[in-house]
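Step one of this worksheet: look at the structure below.
The values are calculated or read from the model by the stated rules, or taken from the named source; none is laboratory data. Here the structure is a predicted model, which means the values were calculated and not measured. FYI the Cβ positions are ideal-geometry reconstructions off the backbone, even for glycines, and counts take in every protein chain you see. Heavy atoms of the whole protein, side chains included, go into the accessibility calculation; ligands, DNA and RNA do not. Shrake-Rupley method; radii C 1.70, N 1.55, O 1.52, S 1.80 Å.
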Amino acid sequence: MEKLVDDGLCKSIGVSNFSLKQVEEVMSFARIKPVCNQVELHPYLPQRKLVGSCFRMGVQCTAYSPLGGPNLVKPNDLITNPTVAKIAAETGKTPAQVLLKWCIQRGVPTFPKTGRPERVAENFVGMLDWKLTNSQKAALDSLECGKRFCEPPWKKWDDDAEAGVPKPSKVIQ
């Protein structure tokens with residue numbers, strides 16, 4: 001991929017679904033560092049350590065499936081979650097807008113999938129005109145349960161505890 005940049009065929013390099021351990025490994029030897037890591041990210045799977053550590057290394061995490069993701073194996077219960085619905089009612093926004101705003105306020109660009117132009121407009125028009133309150137954001141943060149909607153059978157997810165700076169509680173016994 002570095003040769004593609006060298007040859008002027010692309011401006012930068014990005015990775016997808018890299019764990020913190022994998023990002024650290026690439027950063028240790030890459031001549032041209034990746035600028036982004038696209039990962040599944042939503043209130044059920046906020047990946048706080050990955051997002052924060054990547055940010056400190058100059059790698060921007062971007063969110064795919066920020067609204068959850070319907071499939072046959074794991075139905076999307078995030079978009080219909082009562083907490084999300086309550087906040088949508090409080091703000092006068094759709095549940096999708098609430099979930100996207102949660103990502104945006106974290107500084108994480110999002111890529112919701114849709115094939116309908118009207119949905120694209122609904123998802124983003126006016127998104128900079130309002131904010132989630134601290135209590136609303138905390139309510140969404142409390143939904144964390146580690147649930148993934150996108151789990152290809154060939155992917156083994158690394159344990160984030162294997163990389164990065166350990167939590168002080170794990171160092172100081």
Exercise for review: Within region 125-146, track down each residue that is open to solvent by 50 Å² or more (accessible area, probe 1.4 Å) and either modelled with pLDDT under 90 or assigned to a loop (DSSP other than H, G, I, E, B) (or both).
Suggested key: Val125, Leu128, Lys131, Thr133, Ser142, Glu144, Cys145
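Here are some residues: Val120, Val108, Val98. Which one is among the aliphatic types (A, V, I, L, M) and not in a helix (DSSP H, G or I)? It would help to see each step written out before you state the result.
Working: Val120 fails: not in a helix (DSSP H, G or I); Val98 fails: not in a helix (DSSP H, G or I).
Result of the check over Val120, Val108, Val98: Val108.
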Review point. Which ones in region 27-79 are open to solvent by 20 Å² or more (accessible area, probe 1.4 Å), hydroxyl-bearing (Ser, Thr, Tyr) and assigned to a loop (DSSP other than H, G, I, E, B)?
Key: Ser65
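When you scan region 24-42, how many residues do you find that are out of contact with any Gly (no Cβ under 9 Å at 6 or more places or on another chain) and closer than 26 Å to Gly68 by Cβ?
Filtering region 24-42 for residues out of contact with any Gly (no Cβ under 9 Å at 6 or more places or on another chain) gives 25-26, 28-32, 39, 41.
The next check asks that each one be closer than 26 Å to Gly68 by Cβ; those that pass are 39, 41.
Of the residues in region 24-42, 2 are out of contact with any Gly (no Cβ under 9 Å at 6 or more places or on another chain) and closer than 26 Å to Gly68 by Cβ.
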